[in-house]
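The values are calculated or read from the model by the stated rules, or taken from the named source; none is laboratory data. Treat the numbers as computed from the prediction; the structure is a model and nothing was measured. So basically every Cβ, Gly included, is an ideal-geometry build from the backbone, and we count neighbours across all protein chains shown. Quick note on the areas: whole protein, heavy atoms, side chains included, nothing else; ligands and nucleic acids left out. Shrake-Rupley method; radii C 1.70, N 1.55, O 1.52, S 1.80 Å.
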Amino acid sequence: MPNLNIPYSFKTSHGRDSLLLFPTSVFQSKPFSRGYRYSSGLIVRSQTLIYASSLSHGHASIKGPREVQFATKAQAVAEELVEDKLRDPQTSGDAIRQRFFDFYAARGHKVLPSASLVPDDPTVLLTIAGMLQFKPIFLGKVPRVAPSAATSQKCIRTNDIENVGRTSRHQTFFEMLGNFSFGDYFKTEAIKWAWELSTSEYGLPADRLWTSVYQDDDETFAIWHDELGVPKERIIRLGEDDNFWTSGVTGPCGPCTELYYDFHPERGTSDVDLGDDTRFIEFYNLVFMQYNKKDDGSLEPLKQKNIDTGLGLERMARILQKVPNNYETDLIFPIIEKAAELANVAYALADVSKKTKLKIIGDHMRAVVYLISDGVNPSNIGRGYVVRRLIRRVVRTGRLLGVKGDGMGDLQGAFLPILAKKVIELSTNIDADVKTRSSRILEELKREELRFVSTLERGEKLLEQMLADALLNTQGTGTAPCLSGKDAFILYDTYGFPVEITKEVSEERGISIDMNSFDIEMEKQRQLSQAAHDTVKLSVENGANLAEDIPDTEFLGYNTLHSKSVVEGLLVNGSPVAKVSKGSEVEILLNRTPFYAESGGQIGDNGFLYMTEAENEHTAIVEIKDVQKSMGNIFVHKGTITEGTIEVGREVEAAVDANLRQRAKVHHTATHLLQSALKRVIGQETSQAGSLVAFDRLRFDFNFHRPLQDKELVEIEGLINQWIGDAAILEMKVMSLTDAKGAGAIAMFGEKYGEQVRVVEVPGVSMELCGGTHVSNTAEIRGFKIISEQGIASGVRRIEAVAGDAFIEYVLARDNHMKQLCSTLKVKAEEVTGRVDALLEELRLTRNEVSAARAKAAIYKASTLSSRASTVGTSKSIRLLVESMDDSDADSLKSAAEYLVDLLKDPAAVVLGSCPGEGKVSLVVALTPGVVDLGIKAGEVIKPLAKSCGGGGGGRPNFAQAGGRKPENLLGALEEAQEQLKKLLDK
């Protein structure tokens with residue numbers, strides 16, 4: 001580039017590094033020294049790499065092949081440098097995670113896998129913290145899996161979504177490394193290990209670390225200062241809001257201490273604010289769960305003191321990789337690079353706005369990929385709304401960056417799957433299951449993006465107009481512009497704009513949204529699930545105290561339906577009692593039981609408990625109608641005492657209803673066959689999204705993007721009935737979770753598994769991890785029939801089916817219905833379809849004749865009304881007719897209005913109303929072109945009219961229809977409409 005005369009050095013935006021521009025020859029020489037570090041897409045120490053393609057020489061931008069060549073080579077060098085840096089075995093995200101595991105495993109911690117982003121906890125929408133999967137252990141409801149554990153938990157938080165990309169640390173998806181003690185070690189060990197991990201293992205300079213402690217926690221202060229040597233000036237005491245963790249109004253709680261990294265130690269130790277993001281980042285939080293907060297606010301020591309910690313993986317990666325924010329770590333930046341490539345943007349030279357958008361894309365793509373992988377599909381409620389909101393934010397952000405279509409030349413394509421492939425590529429050490437689910441993830445993202453894009457442009461134009469109107473309406477008034485909640489709801493409901501996007505765009509223009517009226521509109525149509533809270537609700541309940549004395553229930557039901565058991569506990573209305581008498585509803589805890597407790601989609605067994613005296617006489621009988629698991633693995637038998645009195649400590653005979661158990665077994669095995677048949681017929685990428693195994697039917701939810709065709713349903717039924725006929729003997733094995741997955745066993749959606757799992761296999765057909773009850777031979781199922789197939793959410797379908805006795809009952813009932821139909825129609829079964837089609841055709845023709853006759857009658861009646869038209873208007877004479885047409889239906893009213901405007905000639909306005917049935921109102925407004933030219937629109941005329949009659953409607957400028965529910969208001973509304981039209985037309 002001999003003609004490129006640009007100074008080689010000037011100050012960068014960082015304010016401390018020089019910026020060097022390298023001629024082409026530089027890129028053709030040896031690579032840069034490994035001593036330079038990569039930051040913000042730039043090589044930073046005393047040199048910074050930028051792209052020539054973004055520079056201007058004089059008044060002309062650099063263009064042409066040389067520019068492309070330069071930029072391409074610069075990009076290549078930048079990528080080579082960042083890849084070289086991010087491959088550093090000591091500082092990559094994967095290495096940081098593994099070093100954490102190794103560190104705590106060497107100190108006796110059991111390394112456990114991440115839980116799903118869909119928590120097994122009704123109080124929390126999404127998994128927001130590493131401790132969530134251990135909540136039952138902290139409450140004492142389940143035994144601890146080990147004295148101490150370490151995890152890297154996938155987490156989702158959306159409460160600070162507006163800060164994503166704008167700050168250095170906020171993310172919606174992140175990994176939380178955590179070490180946990182369940183009554184094992186406490187403060188001293190937790191603090192010393194956190195310090196050792198940070199300074200020795202990760203090599204953080206001790207003089208750059210600060211700590212915060214709870215204001216009254218002198219013990220923790222002493223450990224940091226006296227035992228670890230942290231200077232007093234770098235230990236900050238903070239109040240309850242910052243350093244005392246509570247799970248809710250009551251429940252386990254305790255002080256916490258936090259570790260901060262100081263990016264600017266040169267600023268000294270006076271007037272320090274640990275909340276200053278420009279200087280500090282909190283990377284490790286240690287919670288000392290040592291108290292139970294009572295109803296009166298007092299604190300009592302817990303019997304078991306616990307440790308709950310969280311170390312942000314992305315935050316530690318930022319520190320060790322020496323990049324200015326979490327997004328530029330190797331955990332996220334490769335996604336940003338791919339997004340920048342699709343948008344044809346050089347991240348290194350992008351302005352703040354573009355960098356923010358690229359960071360949003362990088363963050364949100366991780367969130368949506370892992371959510372969809374864990375079974376959350378886009379929808380308008382609950383978790384699905386979170387996914388949809390994030391996806392649409394990425395799509396809109398990508399379009400603002402200039403991404404067209406798939407960004408690779410296909411303008412009709414989708415770019416989210418391209419970015420998702422990069423996320424999936426990075427997922428190996430985060431969640432190995434993501435790659436196995438990649439086909440479904442990519443298909444779901446493609447469908448959702450294209451669905452949104454189809455309405456996005458129209459919605460964007462409408463939003464622009466709404467914002468322009470909001471600004472115009474407040475000009476000169478001195479009031480702040482505000483978008484109405486109704487307009488925001490129209491964008492949400494009709495054009496698929498999450499209100500957050502509307503709010504974001506509006507705020508960019510300095511316009512607020514009337515959220516109160518938006519909420520009112522939302523309440524009218526649907527209610528969105530509440531967003532996840534940052535607080536995990538825990539409480540110490542009676543059940544927790546009861547659990548201390550009651551061991552897990554021994555389940556005998558795989559091998560027997562009868563057992564002798566001892567009553568370990570009785571509860572009435574949730575409270576423990578010693579005995580319960582006839583007529584009472586009761587919950588019974590047994591030491592052992594043949595009853596299956598509801599889990600894995602299978603409902604609990606029914607049956608009886610008998611208390612006997614000598615000579616086997618029943619002194620008490622309890623009818624069991626449900627069995628649930630509680631407090632871990634304690635079975636709760638729910639029933640009614642029909643005879644006698646049940647007492648704690650007495651022996652009872654437990655007997656399961658064998659017929660109902662067989663029905664459940666049949667349906668559960670049929671469910672496994674159904675999943676295998678679906679995978680063979682519609683594709684391996686489909687996966688379970690929920691199930692119900694009941695006595696009378698089975699229900700199976702699965703991820704798929706379209707309704708199944710009739711021929712596919714027939715093929716599925718055929719496969720299953722063939723496998724039933726094969727009389728295959730089922731195999732049940734207990735093996736390690738690793739071995740089971742290695743053998744290809746399928747895990748059930750939403751289930752949690754221990755180290756040892758039960759594998760149910762139909763040889764050559766199905767292999768699943770399952771704790772449910774099953775038939776011994778597929779021939780026991782006897783037959784299988786699909787009852788229905790339907791969509792229940794975006795990308796989720798549901799099949800209901802029957803098998804075994806329920807199948808026989810279904811077939812017999814349908815046969816009886818067919819016999820009655822044949823008798824009524826006086827035809828054979830094979831002739832029913834033809835006969836029904838003929839009757840429907842006759843009905844259609846008759847209805848058409850009736851409709852035509854009504855229309856003629858309405859027109860005739862309208863012709864008699866035409867003489868009542870009045871003449872209004874000052875500039876020109878306009879014929880106006882406003883009348884009631886008694887009980888004419890909507891179609892007849894429309895025909896009459898069209899006839900009248902033709903009869904009255906242009907200019908003319910016709911308003912007609914009728915009461916076609918009890919509690920019904922029909923309305924129509926028809927205007928000729930001459931009236932429309934005056935600025936009067938039929939839709940605007942009919943809206944107040946319809947509102948008065950308790951309804952609504954709309955239409956074109958020249959013609960509008962509406963309905964209502966208040967016939968008693970019709971005449972008054974027509975009179976008011978006539979007066980209003982006279983005023984408008986007399987101008």
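In the range 204-213, the count of residues that are of a type in the set (Gly, Ala, Ser), open to solvent by 20 Å² or more (accessible area, probe 1.4 Å) and under 25 Å from TYR291 (Cβ atoms) is zero. Evaluated against (1) farther than 20 Å from GLY804 by Cβ; (2) open to solvent by 70 Å² or more (accessible area, probe 1.4 Å), ASP726 falls short on exactly one condition, (1).
A quick yes/no check of all residues on (1) free of Cβ contacts under 8 Å to residues at least 12 places away in the same chain; (2) over 14 Å from GLY557 (Cα atoms); (3) not polar (S, T, N, Q):
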residue: GLU653; (1), (2), (3): no, no, yes
residue: ALA658; (1), (2), (3): no, no, yes
residue: THR671; (1), (2), (3): no, yes, no
residue: GLN675; (1), (2), (3): no, yes, no
residue: LEU678; (1), (2), (3): no, yes, yes
residue: SER687; (1), (2), (3): no, yes, no
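Here the range 631-660 is the region considered, the condition is being open to solvent by less than 40 Å² (accessible area, probe 1.4 Å) and small (Gly, Ala, Ser), and the residue that is nearest to the chain's Cα centre (by Cα) is GLY632.
Just one of the numbered conditions (1) surrounded by fewer than 17 Cβ atoms within 10 Å (Cβ to Cβ); (2) modelled with pLDDT of 90 or more; (3) over 21 Å from ASP696 (Cβ atoms) is not true of GLY754; which one? Of everything listed in (1) surrounded by fewer than 17 Cβ atoms within 10 Å (Cβ to Cβ); (2) modelled with pLDDT of 90 or more; (3) over 21 Å from ASP696 (Cβ atoms), GLY754 misses just condition (2).
Restricting the range 510-530 to residues that are out of contact with any strand residue (DSSP E or B) (no Cβ under 7 Å at 6 or more places or on another chain) and modelled with pLDDT of 80 or more, the residue that is surrounded by the fewest Cβ atoms within 10 Å (Cβ to Cβ) is ASN516.
Candidates GLY178, GLY203: the one that is of a type outside the set (Phe, Trp, Tyr), closer than 19 Å to PHE103 by Cα and part of a strand (DSSP E or B) is GLY178.
So, in the range 864-884, exactly how many residues are open to solvent by less than 40 Å² (accessible area, probe 1.4 Å) and on the phi < 0 side of the Ramachandran plot?
11
For the range 287-304, a residue qualifies if it is at pLDDT 85 or above, open to solvent by less than 80 Å² (accessible area, probe 1.4 Å) and not aliphatic (A, V, I, L, M), and the qualifying residues are PHE288, GLN290, TYR291, SER298, GLU300, GLN304. When the range 775-831 is filtered for residues that are in a loop (DSSP other than H, G, I, E, B) and either farther than 21 Å from GLY690 by Cα or modelled with pLDDT of 95 or more (or both), the ones remaining, listed by number, are VAL775, SER776, ARG782, GLY783, GLY804, LYS826, VAL827, LYS828. Counting only strands (runs of 3 or more DSSP E) that sit completely within the range 578-641, those holding 3 or more residues that are free of Cβ contacts under 8 Å to residues at least 60 places away in the same chain correspond to 585-590, 607-612, 618-630. Looking only at residues that are farther than 12 Å from GLU976 by Cβ and within 38 Å of the chain's Cα centre (by Cα) in the range 938-957, which one is surrounded by the most Cβ atoms within 10 Å (Cβ to Cβ)? The residue in question is GLY953. Within the range 401-411, can one find any residue that is in contact (Cβ under 8 Å) with a residue 12 or more places away in the chain, basic (Lys, Arg) and buried (at least 16 other Cβ atoms within 10 Å of the Cβ)? Within the range 401-411, none of the residues are in contact (Cβ under 8 Å) with a residue 12 or more places away in the chain, basic (Lys, Arg) and buried (at least 16 other Cβ atoms within 10 Å of the Cβ).
Inside the range 110-148, residues that are more than 28 Å from the chain's Cα centre (by Cα) and open to solvent by less than 10 Å² (accessible area, probe 1.4 Å) make up a count of 1. Looking across the range 242-272, the residues that are farther than 18 Å from ALA129 by Cβ and either touching a strand residue (DSSP E or B) at 6+ places or on another chain (Cβ under 8 Å) or of a type in the set (Val, Ile, Thr) (or both) come down to VAL249, THR250, TYR260, TYR261, ASP262, PHE263, THR269, VAL272.
This table checks each residue for (1) touching a residue at least 40 places away in the same chain (Cβ under 8 Å); (2) of a type in the set (Lys, Arg); (3) in a helix (DSSP H, G or I).
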site: ASN848; (1), (2), (3): no, no, yes
site: SER863; (1), (2), (3): yes, no, yes
site: ARG879; (1), (2), (3): no, yes, no
site: ASP886; (1), (2), (3): no, no, no
site: GLY913; (1), (2), (3): yes, no, no
site: GLU940; (1), (2), (3): no, no, yes
site: ALA946; (1), (2), (3): no, no, yes
